[in-house]
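Presented below is the structure to which this report refers.
The values are calculated or read from the model by the stated rules, or taken from the named source; none is laboratory data. Small disclaimer: the values here were computed from a predicted structure and weren't measured. Glycine also receives a Cβ, built like all others from the backbone with ideal geometry; neighbour counts cover every protein chain displayed.
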Amino acid sequence: MGTRNIKLTVSYDGINYSGWQDQPGKRTIQGLLQQAIGDLTGVFTKVNGASRTDAGVSALGQVANFVLDSRIPTENLLKAINHRLPRDIVVTEVSEAEPTFDASGSAGSKLYRYKIFTGRKRNVLQTRNCWHRPGKLDAAAMDAAAKMLVGKHDFKSFAAAADKRQTSVRTVMQCRITEEDKWIHIDIEADRFLYNMVRNIVGTLVEIGRGRWKPEKIKEILEAKNRTAAGPTAPPEGLCLMWIKY
């Protein structure tokens, strides 16, 4: 079969994990995938992920790739890898990619969804992967603020202080709020994201939703280019990587 560049689409419930990135002594998605593939092939195989999701963050459409030098047919990999993974990590698609394909570097845009449950009583079957924040939020005001984030901006105010990347300029293709009963969904698509950018945006939008700030405050926060100007960081449990476009 020869050497192949294998592309994976992966779903996982991140609640019980220390994030995507392999870390010594910790349960991570990347670590368990590498362990499963190594167990299958007999050699350590580095798995390259498109997004380094944080501890507690989930994914429906994470994408990864790895180089395989094995006689195992590509069509057999899905079942063989899943057989070696825990129930809360599932490879949903496997395909052979071009040799130049890189799950991280080749990505065009990513969409994250953040879920907030505003009901008073927590439903244990529904509220595992969300921010349970009891109390009414003004979804219309949040949506008006969200629209101001669309476009090419310097998002330094929404980056964690630990983010040391050269530029904090990013392009947001969409940022919208939808409300259904006691659920609020915040969808954000961008070319790339800064560390904690989505959770910091969500925390800021919630401050607007609860009436602390007017929607126009977003413009002032963007202009400040200072993390202290924005709202608090939302908890990781409500965040899910929905898909990645190439």
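Scan segment 29-40 residue by residue and report those that are out of contact with any helix residue (DSSP H, G or I) (no Cβ under 7 Å at 6 or more places or on another chain) and surrounded by fewer than 21 Cβ atoms within 10 Å (Cβ to Cβ).
Within segment 29-40, Gly31, Leu32, Gln34, Gln35, Gly38, Asp39 qualify.
Being hydrophobic (A, V, I, L, M, F, W, C), in the same structural domain as Pro232 (by TED's automatic domain parsing) and in contact with a Ser or Thr (Cβ under 7 Å, 6 or more places away or on another chain) is the requirement here; does Met148 meet it?
Here the answer is no, as Met148 does not meet what is asked.
Take Asp54 and decide whether it is farther than 19 Å from Lys245 by Cβ, charged (D, E, K, R) and not assigned by TED's automatic domain parsing to the domain that holds Gly238.
yes
Any residue at all in segment 161-182 that's at pLDDT 95 or above, touching a Phe, Trp or Tyr at 6+ places or on another chain (Cβ under 6 Å), assigned by TED's automatic domain parsing to the domain that holds Tyr114 and of a type in the set (A, V, I, L, M)?
Looking for residues that are at pLDDT 95 or above, touching a Phe, Trp or Tyr at 6+ places or on another chain (Cβ under 6 Å), assigned by TED's automatic domain parsing to the domain that holds Tyr114 and of a type in the set (A, V, I, L, M), one finds none in segment 161-182, hence no.
Go through segment 50-84 and give me each residue that's over 11 Å from the mean Cα position of the chain (by Cα), of a type in the set (S, T, N, Q) and under 21 Å from Ile15 (Cα atoms).
Hit for segment 50-84 is Asn82, nothing else.
Per-residue answers, yes or no, for (1) at pLDDT below 95; (2) closer than 30 Å to Thr41 by Cα; (3) over 17 Å from the mean Cα position of the chain (by Cα):
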| site | (1), (2), (3) |
| --- | --- |
| Pro86 | no, yes, yes |
| Pro99 | no, yes, yes |
| Trp131 | no, no, no |
| Ala140 | no, no, yes |
| Ala146 | no, no, yes |
| Phe158 | no, no, no |
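Test Pro215 against the stated conditions and say whether it is under 16 Å from the mean Cα position of the chain (by Cα), buried (at least 16 other Cβ atoms within 10 Å of the Cβ) and modelled with pLDDT of 95 or more.
The answer is no for Pro215.
Kindly evaluate Ile116 against the criterion of being more than 20 Å from Gly49 (Cα to Cα), touching a Lys or Arg at 6+ places or on another chain (Cβ under 9 Å) and either among the aliphatic types (A, V, I, L, M) or surrounded by 14 or more Cβ atoms within 10 Å (Cβ to Cβ) (or both).
Details: more than 20 Å from Gly49 (Cα to Cα): yes; touching a Lys or Arg at 6+ places or on another chain (Cβ under 9 Å): yes; either among the aliphatic types (A, V, I, L, M) or surrounded by 14 or more Cβ atoms within 10 Å (Cβ to Cβ) (or both): yes.
Yes.
Does Arg227 satisfy the condition of being in contact (Cβ under 8 Å) with a residue 12 or more places away in the chain and in contact with a strand residue (DSSP E or B) (Cβ under 8 Å, 6 or more places away or on another chain)?
Spelling it out, it is not the case that Arg227 is in contact (Cβ under 8 Å) with a residue 12 or more places away in the chain and in contact with a strand residue (DSSP E or B) (Cβ under 8 Å, 6 or more places away or on another chain).
Restrict the check to segment 167-174 and report whether at least one residue is within 28 Å of Gly135 (Cα to Cα) and exposed (fewer than 15 other Cβ atoms within 10 Å of the Cβ).
yes
Can you tell me which residue within segment 65-88, out of those that are closer than 14 Å to Gly38 by Cβ and among the β-branched types (Val, Ile, Thr), is surrounded by the most Cβ atoms within 10 Å (Cβ to Cβ)?
Ile81
Yes or no: segment 28-35 includes at least one residue that is assigned to a strand (DSSP E or B), touching a residue at least 40 places away in the same chain (Cβ under 8 Å) and of a type in the set (A, V, I, L, M).
Among the residues of segment 28-35, not one is assigned to a strand (DSSP E or B), touching a residue at least 40 places away in the same chain (Cβ under 8 Å) and of a type in the set (A, V, I, L, M), which makes the answer no.
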